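To keep things clear, I will list the structure first and then write my remarks on it.
Values quoted throughout were computed directly from the atomic coordinates according to the rules given, and no laboratory measurement underlies them. Keep in mind that what you see is a predicted model, and the values were worked out from it rather than measured. Cβ coordinates were reconstructed from backbone atoms using ideal geometry, including for glycine residues, and neighbour counts include every protein chain displayed.
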């Protein structure tokens, strides 16, 4: 496989927010996942698991979406402020019919974001909420002037505003609120009027967009409300079957493996289709695409609550993540945020927890391998075609390249789970003298980390040779790798010899 990277090219910046995450009040994502209640013996900082903080910092999490998801459209923010003992309980009818005690609310979420260094993304309730409710939430979080909401915030222990800039107008209104596109577009116009900027903090107003390839929703929202928004969301989930029987997370067949990659690869045509529609109304690409829900969705693990969406995570999920990131990079002119679903214990998560134990998933390691692409300049890369046997739309080899601070990072994926692929990498405009590589995966698609064997899948060094100015290496079946390449450092200049001190003059008599 011949791969060429043009180090002199400039295809724009890969926005760091593409590597965002999503945390919903769903199953064990919040409670038992990232947040522990008083009396639970898990090392934590103000309720947030220390191990979660450590690993999210490691992958440089840029932003976090909360409180949903579908849960957002039954969430009323005032239930989650004030003394925890005084907060009302509700039933989470959306996910599992369990009691939600609201102990993790606005202050806890925003403190979590501070601890991990992430921008908060608030997804507000417009299906069962009101314009006034969202307007007051924004005032509570962002206003610095004296007002009823700022006084309430100070009573609850926060003097300064948080200046949250990312605000979503609902979640999947075509589903949660059974709205027509025309009605939803009118709701955007209403909400935009009363969800205000405070001080120098300019809001990013985010419209809830389509499911997968519903271009009609995009056309209507852009036509009727495009001038009132700054970003537009798309949701797309990947599975081997259909919405009713999605297929197992482990123990899948070769046909199910290929089907999963085919559906993941739909992201390319989905983004292209929505971009064409958006270009009709927004030629300057002012309005960004936020893919704020994406990832694999498999059948739940046996013996778990079907409403908790708890699933294992294999190398198949890892190559879905890398393939999707490569797609986002190709559309970096429009795609400026993405949020994988979800952070802990739900769908394609970074971590699985059991009490005080935490294991890292293969997907976590892909985020770690790709983190240096954040805010880097995308470079043109070209490769030979390599058909994936049994697939109709997806190739067996995927790649992406970017440069920042004088270092070129090239990420490559072998989607073929049956045979390795030898790679010969040629770099135009750069003399590769210093090279290192890390690879994830050793040839099997169905391997995963468990609480009994938490180190089954982890990155290791990739052997890279330099031959005739080209980099040569081999990717195992079903693997992801990133190479870091830089030119030879200039030799250190020899220090100039110290000047001899002048002899002291003799004192005159």
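DSSP finds beta bridges in the stretch 1-152, and of those with both partners inside it, around 45 percent are antiparallel. Only Cα pairs under 8 Å and 6+ residues apart enter the sum, and on that basis the relative contact order of the stretch 15-375 stands at 21 percent. A Förster distance of 22 Å, applied to the separation of the beta-carbon atoms of residue 286 and residue 404, puts the FRET efficiency at 0.30. So how far, in whole Å, is the C-alpha centre of the stretch 420-493 from the one of the stretch 221-249? Each part reduced to its Cα centre gives a spacing of 33 Å.
Normalised by the number of residues in the stretch 378-486, the mean separation of alpha-carbon contacts (under 8 Å, six or more apart) gives a relative contact order of 33 percent. Normalised size of the chain, defined as Cα radius of gyration per 2.2 N^0.38 Å with N residues, equals 1.07. The stretch between residue 253 and residue 111, if pulled fully straight at 0.36 nm per residue, gains 46.8 nm over its current Cα-Cα span. Subtracting the Cα-Cα distance of residue 458 and residue 13 from their residue separation scaled by 0.36 nm leaves 157.3 nm. The calculated FRET efficiency for residue 45 paired with residue 305, based on their beta-carbon distance and R0 = 30 Å, is about 0.60. Which FRET efficiency, nearest 0.05, do residue 426 and residue 182 yield, Cβ-Cβ r, R0 51 Å? After rounding, the FRET efficiency stands at 0.45. Bridge orientation summary for the chain: considering DSSP beta bridges with both residues in this region, about 60 percent are antiparallel.
Per-residue ellipticity at 222 nm computed for the chain from its helices equals -7500 deg cm²/dmol, with DSSP H segments shorter than 4 residues left out and the rest contributing -39,500 (n - 2.57). Extension gain, residue 54 to residue 354: 0.36 nm times the residue separation minus the Cα-Cα distance gives 106.3 nm. Rg and Dmax of the stretch 378-486, based on Cα coordinates, read 14.8, 48 Å.
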